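Notes to accompany the following structure.
Every read-out reported here was derived from the displayed coordinates using simple, explicitly stated rules and does not represent laboratory data. In this text, all values refer to a predicted model and were calculated from it rather than measured experimentally. Neighbour counts are summed over all protein chains in view; Cβ atoms, including those assigned to glycine, are modelled from backbone coordinates with ideal geometry.
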Amino acid sequence: MAIIQLGDYIVIQRQKYTKLQKFGSLDATATLGKEHLELKSLLDQPYGSTFKMCVKESKAGKRGAQRQHSLELCTENELRSIRDVLNISSSGADNRDISDNGEAQSLKSSDIEQMREECNESSKIIEKLVENSKTFHNRTEYSQDKYLLKKEKKYFEFVQIRQPTIRLMADIFHRQDPDKIMGIRVDTLSQIISYSGISGFGNYLLYESGTNGLLPAAMLNSMGAGTEATLVHMHPGNVPQKQALLALKLPFEQQQRCISVNLYSVLREFYQGDKPEATKSSGDEEKVEAVTETEVTAEEQSEGFEPSSKKVKLESPNSNKAHQRWQVENKRAAALMNEKFDSLVMAAKEHPSSILQALLPLVKPSRPVVIFGTCKELLQEIYMDLKTTGKVTNLHLTSNWMRTYQILPNRTHPEVNMSGNSGYLLTGYTLK
Amino acid sequence: MAIIQLGDYIVIQRQKYTKLQKFGSLDATATLGKEHLELKSLLDQPYGSTFKMCVKESKAGKRGAQRQHSLELCTENELRSIRDVLNISSSGADNRDISDNGEAQSLKSSDIEQMREECNESSKIIEKLVENSKTFHNRTEYSQDKYLLKKEKKYFEFVQIRQPTIRLMADIFHRQDPDKIMGIRVDTLSQIISYSGISGFGNYLLYESGTNGLLPAAMLNSMGAGTEATLVHMHPGNVPQKQALLALKLPFEQQQRCISVNLYSVLREFYQGDKPEATKSSGDEEKVEAVTETEVTAEEQSEGFEPSSKKVKLESPNSNKAHQRWQVENKRAAALMNEKFDSLVMAAKEHPSSILQALLPLVKPSRPVVIFGTCKELLQEIYMDLKTTGKVTNLHLTSNWMRTYQILPNRTHPEVNMSGNSGYLLTGYTLK
Amino acid sequence: MSFLKPKTHIEQGDIVILYLSVNSMHAIEAVPTIVNKKGETIAHIFQTPYGSLKVQSIIGVEYGSRVELSKGYAHVLQPNPELWTQTLPHRTQIIYTPDISMILHQLEVRPGAVVVESGTGSGSLSHYFLRALKPTGHLHTFDFHEARADQARDEFKRHGLADFVTVYHRDVCNLGFTSELDGVADAVFLDLPAPDLAVPHAFKALKLSGGRFCSFSPCIEQSQRCINVLTKLGFNEICSMEVLQQESVIKTRSFPVIDLEFLKAPKSSEPNANDDSKTKEPKELKKYLTSSNPQVLPGHTGFLTFATLPPNVPKA
Amino acid sequence: MSFLKPKTHIEQGDIVILYLSVNSMHAIEAVPTIVNKKGETIAHIFQTPYGSLKVQSIIGVEYGSRVELSKGYAHVLQPNPELWTQTLPHRTQIIYTPDISMILHQLEVRPGAVVVESGTGSGSLSHYFLRALKPTGHLHTFDFHEARADQARDEFKRHGLADFVTVYHRDVCNLGFTSELDGVADAVFLDLPAPDLAVPHAFKALKLSGGRFCSFSPCIEQSQRCINVLTKLGFNEICSMEVLQQESVIKTRSFPVIDLEFLKAPKSSEPNANDDSKTKEPKELKKYLTSSNPQVLPGHTGFLTFATLPPNVPKA
């Protein structure tokens, strides 16, 4: 099992809630609602370990107490079913005699708050709540379970630390803010990987205007460590979004096979790079900052337009002197562009037509093209364009219906809510 | 129980297959695939009865034999599970040893054809088939059931005669040719009735450009017999499609409360009818033929344009003489249009905007408007228009996902195929 | 009394839908005064995010009118079962229009029908049954929770529907639908935790000439057990389904169209008019009228199981 | 050998996708001759609705090229798992790309992964596993049907994938995945009539450091029983779902716009230019680029049940 190290991204899981967190320093804390967790005791523990949240202090906050916790590594034995502990036996047959008048719980909220500070164990708190509930024992078993689950969720004191994977991150990102990953749902992400044919062989081209690094990370993950596959990752901003990519902690050789370049800059390099040209290495190219591998948030990525060269000139007056990292990357990318690619994936916030027009000629014949979009109407238009020109065949515009199920004895049904948007995929194959 | 009478529309059901048929005369026959059924023995039998198909003769046809059957009323006892009769016991645990090489059945197809002519009972035919199958007893129980169901379907010799209802007809029409009812699926039909608020009170306005009578029939059905509700049914053709309406066999007073009128003709009557005007009762009005209550097929309804007056003038030179039925209906409709309606339902094959513009002012405030369409893009446009003008509020554009389930012990799952199109409903409420 | 038939003007005692927006509607009773918690009779003022409404002011107003609030306006609509299901006081989980519409269609409810329903719950479905079967039919509706039965009975009366409905407080799983209802029903509807226990009672309540049956249940096991009993009792046309309504979110969206063609030409060749003009040019935007699903859709309401009791099945 | 990696030209022995239209694709082997039923070696001619193709003529041609048929043309595409699932010889019901993609994602299959699969079936999913795990991982695939196992083994060899896969003919429900595979798997996939019987074997095959599990089953009862066993053995993150892909049918539709305004004016007032001109005028048509669902959609493929075996669960 891998070991938790400083600088790692970690996934913190508390029951079903998961969060991606950088473990950047020993005083790093993570915030889960009102709970603040000190992370230092995670260092050098194996991924997959479970820790107990131990209250260190409690401060009054706007919306109730904010609690600071230290974390203590705990054993599997400490994790046991709340129901077993409480050993509930008597339950009513149905809820006909229960009227919910809000007076069922005789403990006051201040009592509960105090109990919480004094007592680390959720099972004990819940036990007290059950003892002081006037209606609990008249509820049906189903209703009791629901009550316990709700309370358990609120007072549960264990967190598990897991190593980030594409699966875990796709869930976290989509749950937290689907817009930051362009609404790419898990089913759609999985299909982008399939339809684009990403594997350990071949050179791949991706254009994306911002998915927190999820899309390049998923592609790189499928390309694998120690393989020959390469990804050219084009983006419209100064620096690419790379959070998910960094979180995967891939071997250096694998990271090197993701060449992240600015769309405008690399196209200029590709169109004009080999021509002997006076102004080439001065002027507008410097505007793109070197790609750094520090944390990049979604906000840092600009809006899809080539940044004006003037500003950057002022910032980087010495840029003529040496080949910067971005220039090297542009050259590596342009070399691959000349060889052409084994697949093209696009996820643009902009109108995709002009981008597709620029990138489609860079794809070999008989290769998949996958265009993701949140707006069906745009993809319909591209479908018609491609159909008319005949450059791409086997065109399909698809979306997905995904439902999760609750499967429990006598209580099996699809989940009551489902995600409404999978986004749309336009797929096809290039022709010669 | 109602009695089957000459002139009735009847629903013929053979297992899950149903068909709407006119029992117009004693020599009427109904065709179910290759089987031709003589209907005369249905006369005066109660609806709900089951009849046995008895082969009278068999003619070689292009795609196998065409058989003529007489029908014999049969008892409930004759209907029993094929499985019970055959009393199958031995079944394999799985299909691992079965290779499907097409040689499993040792009876030749000519043998089977001959057996079929000689023997009326499907159970006997199936018994023979099972006896002569080399693999049947090695199949799993599930697989045996599947085989028997398939064979039973092919050789099943009973039909049930049922009285047409909206539910049965909606199923038949949608299964046979959804285009003939504008693709109005059962869930959508049911919601049109709900959202439009059709009931035993009020005056309702419907425009439809062709649903085999299903939409006016469903509305009239919900208005009920012996109530005060009235429906003005506008259509674009010479004569309205009324098949489903006629099939319901409603009491005369109820039929009278469906006023079917040509859209152009009634609007002209409404706009100009009360003005003293020289040319009014001559000229263009006669073009609309009298509404007849004979069977009207979908093809008879024209394409949504006012028929040219010239042709019809030649056909009906004497039309000036008396008020024709259509003129009376136009006047009744126009009177209701002046009073305004309690709801508007539209299902247009044409662009609905101009029709809506003409009909919306005829609806009282605080009344539902329901616009059905197969093209979402059109309804989006209308949604935006209505939203902008503010004449209709609480606007919703909806569609449905409907899945049927197979629920059998240990074999429960949604059906493998589902209908993809429910159509779209735009609903809202008029404002003052 | 505003549920009986279409009417044009608000009368005292009507339930009125105060429509503020798609997501904000309220059912209010058009009475000038109410009694507060202290037992005092006070003017009936209804508070909204757009200010307060003096309810007396809407009596006599035409339905569909705009009414002024202290900080905005609203519209008054006549209630109907659709608007009622969106505004009614929830006493239980309720069934919504898409499922209800299918239930009415499959149960073939029309004026004159006699329908048996259990449980009454919050009465959302009952209102639909009543619209569909009045003025010549009757609804018999059962609930095992006494307070709910009483509330429903009172509500139907205030809505002007009392003539067409009988509300029973009764545990139908154990006690059945009363012997008076044997053989009277055209249709039976069950929304019960254990529908299989009530199927034999439904069987009894249906007419000898046959009828239609529906059970609504959230869990598949309930449907499985229900179908098991239906099959044994001789029901046919057994069919289970789910209906999920999807709403479209309609809006105009703009997408920037980016120019990549200019990158093919070297910058030096157009020394003056190049970069600055590019960045100063207004971005080209293409507009689209689009529709999409909302982020969250109903993923499940319940399984609807329908069946037919054929004519003349002996009821032992 | 055309499944190993992207390649540009057709070589002898490649499987080639002959693409005629969206609904008409064929996987053909690029060999100049075949042996007919009589045992004679004859030229390999492939028949299509657009005429015949002499297969020898495509050897050496670039993938993506147009090839002429006697009555039309087609395109030759390099096969991949997507095209293969649409053209492969069906020996069993197969799983399609939407479900498969979710399976690969949830099982976290990437190069280097060791995957155990049962049953092999027609090999559609196996091809996906192989693309995802090669060149450094391995697939162990089991089928209880001997002929199917043999055919699959042969197919993988001809597709250039033999190095990455071992095909077993074995009844895993009763006999397990062989003791050699104890603790070697990163992921186990089951597509079996009784997955619950194989879950304990999956448990054994997964690494001590944990791994992912998936069962695909058409019926809900299979999932219920499977989850029951998973829970007992200490699996967590148990989650069941279905994924249904909907295709959009895109076309341009025209709608007649009808004029009703003219009805407001009496005809006599415009004696000459009225009716005839109306009827002779070209109908106004509005065009829309539309998309809709096909008439029939897949309503169900199967329930996917996923679970995690956490690290260090004692294997007794």
Quiz item: Highest mean first, what order results for A:17-30, B:194-207, B:347-360 on Cβ atoms within 10 Å?
Solution: B:194-207, B:347-360, A:17-30
Quiz item: Can you name the chain B residue with its Cβ nearest the rotation axis from B to A, and give the distance in Å as a whole number?
Solution: B:Trp401, 4
Quiz item: Got a sec? How would D:Cys239, D:Cys214 order by Cβ neighbour count within 10 Å, fewest to most?
Solution: D:Cys239, D:Cys214
Quiz item: Expressed as an acute angle from 0 to 90° and rounded to the nearest 10, what is the orientation of the C-alpha long axis of helix C:146-158 relative to the principal long axis of chain C?
Solution: 70
Practice problem: Look at the axis of the rotation that sends chain C onto chain D, then give the chain C residue with the nearest Cβ and the distance in whole Å. | Solution: C:Ile220, 3
Quiz item: Can you list residues whose amide H is under 5 Å from B:Gly202's amide H, if they're 5+ apart or on another chain and H is modeled 1.01 Å from N?
Solution: B:Ala229, B:Thr230
Quiz item: Taking a temperature of 4 °C and a viscosity of 1.567 mPa s, what whole-number D in µm²/s does Stokes-Einstein yield for the range C:15-79 with Rh from Kirkwood over alpha carbon pairs?
Solution: 107
Self-check item: Residues D:Ile238, C:Ile258, A:Ile181, D:Ile42, sorted so that the one with the fewest Cβ neighbours within 10 Å comes first
Solution: D:Ile42, D:Ile238, C:Ile258, A:Ile181
Quiz item: What is the Rg over Rh value, at two decimals, for the range D:31-114, using alpha-carbon atoms and the Kirkwood definition of Rh?
Solution: 1.10
Self-check item: DSSP bridge pairs, chain C: antiparallel proportion in percent, nearest 5
Solution: 70
Exercise. Output, in nm with one decimal and in ascending order, the distances from the A:Leu107 label point to the matching label points of the other copies (7 Å from Cα along Cα-to-Cβ).
Key: 7.4
Quiz item: What relative contact order, as a whole-number percentage, does the range D:15-79 give when Cα pairs under 8 Å and 6 or more residues apart are counted?
Solution: 34
Self-check item: Cα-projected label distance for B:Lys124 with B:Thr29, points at 7 Å along beta-carbon direction, nm
Solution: 2.3
Quiz item: Across peptide B:185-195, how many C-beta atoms of other chains are within 10 Å of each residue C-beta, on average?
Solution: 6
Quiz item: Expressed as an acute angle from 0 to 90° and rounded to the nearest 10, what is the orientation of the C-alpha long axis of helix C:124-133 relative to the principal long axis of chain C?
Solution: 70
Practice problem: Calculate, for D:Lys207 and A:Asp177, the FRET efficiency according to 1/(1 + (r/R0)^6) with r their C-beta to C-beta distance and R0 30 Å; round to the nearest 0.05. | Solution: 0.35
Quiz item: Rounded to the nearest 0.05, what FRET efficiency is calculated for B:Gln357 and A:Val416 with R0 set to 41 Å and r the Cβ-Cβ distance?
Solution: 0.50
Quiz prompt | For A:Arg411, inter-copy label distances in nm, listed shortest first [label point 7 Å out on the Cα-Cβ vector] | solution = 3.1
Quiz item: Given the alpha-carbon gyration tensor of the range A:317-432, what are the semi-axes of its equivalent ellipsoid in whole angstrom, ordered largest first, with each equal to the square root of 5 times an eigenvalue?
Solution: 37, 22, 14
Quiz item: Can you pull the mean other chain C-beta count within 10 Å for peptide C:71-81?
Solution: 4
Exercise. Tell me which residues come under 5 Å, amide H to amide H, from C:Glu117 once H is placed; ignore anything under 5 positions away on its chain.
Key: C:His140, C:Thr141, C:Phe142, C:Phe189
Quiz item: Taking the range D:7-81, which trypsin sites (Lys or Arg not before Pro) meet the DSSP loop condition and have no more than 13 other C-beta atoms within 10 Å?
Solution: D:Lys37, D:Lys38, D:Lys71
Self-check item: Rule-of-thumb Rg ratio for chain C [Cα; 2.2 N^0.38 Å; N residues]
Solution: 1.40
Quiz item: Cα gyration tensor of the range B:138-271, axes a ≥ b ≥ c as square roots of the eigenvalues: rounded (a/c below 1.5), prolate (a/b > b/c) or oblate?
Solution: prolate
Exercise. Past 23 Å, Cα to Cα, is the threshold; run A:Lys19/D:Lys207; A:Lys349/C:Lys286; B:Lys146/C:Lys315; A:Lys108/A:Lys128; A:Lys340/C:Lys264; A:Lys22/A:Lys151 against it and keep the listed order.
Key: A:Lys19/D:Lys207; B:Lys146/C:Lys315; A:Lys22/A:Lys151
Exercise. In Å³ and rounded to a whole number, note down the convex hull volume per residue for the Cα atoms of the range C:117-226.
Key: 97
Quiz item: What average number of partner chain Cβ atoms lie no more than 10 Å from the Cβ of the residues making up B:359-368?
Solution: 5
Quiz item: A:Lys108 versus B:Lys16, label points 7 Å from Cα toward the beta carbon: distance in nm?
Solution: 6.5
Quiz item: Counting only the backbone N, which residues of the range B:368-406 are under 17 Å from the spot 7 Å out from the Cα of A:Met384 toward its beta-carbon?
Solution: B:375-381
Quiz item: Could you list log10 I(q)/I(0) for the range D:43-165 at q = 0.12, 0.13, 0.16, 0.17 Å⁻¹, which the Debye formula gives when each Cα is one point scatterer?
Solution: -0.54, -0.63, -0.86, -0.93
Quiz prompt | Inter-copy label distances at D:Pro89 (7 Å, Cα→Cβ; nm, one decimal) | solution = 7.2
